[in-house]
Amino acid sequence: MAALFLILAFAPLLTPFVVLGTAGALAVRVWHWEPESGLRVPSPASCALLAVLAGSAALGAYAYGVNQGFYILDPDQMCAAAGAAGDHVVTRMTLPVSAQCVTPEGVGTELVPGWVNPVVFTGLAVLVLAPTAAAVQALRDRSLRRAGLSQDPRPSRGGDTGLTGKG
């Protein structure tokens, strides 16, 4: 349980570095893309980078959202810091990420920024879809190579440009 707490506590600080690193690696792959090869499913390596980028963005956004309204302060102090007046009860949801200050009249003020949940759910979707695309592309390339239909003049291990799906 302590490890989960530490991950959620430090993820908003560390995941931007992972996102920037993987975005840089993907940018290099795009820079070396050969336009004459046409649009295809990205290579398995590019899909893996995309999955890491999406997963780290989702983790960072989730951790940031969970840390909003963290119980360091008294709930009334948290709600006052968020600009909500009056006595409050703080309600929380895990997914979608939510922390609300709710008045006795039932009026709620959301503490989690509006961008958090779209980033979390988009990141999770890409985290699932990218490896699926990588597996499909790898199987397709392998079956083309076995059939002798590969049009790639390069060796199978060299020159992976990332966007051609070859290599």
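The values are calculated or read from the model by the stated rules, or taken from the named source; none is laboratory data. All values reported here derive from a predicted model rather than from experimental measurement. Cβ placement follows ideal geometry from the backbone for every residue including glycine, while neighbour counts extend to all protein chains displayed. Areas reflect the complete protein model, heavy atoms only, side chains present, ligands, DNA and RNA absent. Shrake-Rupley method; radii C 1.70, N 1.55, O 1.52, S 1.80 Å.
Considering only residues in the stretch 67-99 that are open to solvent by less than 80 Å² (accessible area, probe 1.4 Å) and at pLDDT 85 or above, the one that is farthest from the chain's Cα centre (by Cα) turns out to be S98.
In this structure, is V18 at pLDDT 90 or above, touching a Leu at 6+ places or on another chain (Cβ under 8 Å), part of a helix (DSSP H, G or I) and surrounded by 11 or more Cβ atoms within 10 Å (Cβ to Cβ)?
Working: at pLDDT 90 or above: yes; touching a Leu at 6+ places or on another chain (Cβ under 8 Å): yes; part of a helix (DSSP H, G or I): yes; surrounded by 11 or more Cβ atoms within 10 Å (Cβ to Cβ): yes.
Here the answer is yes, as V18 does meet what is asked.
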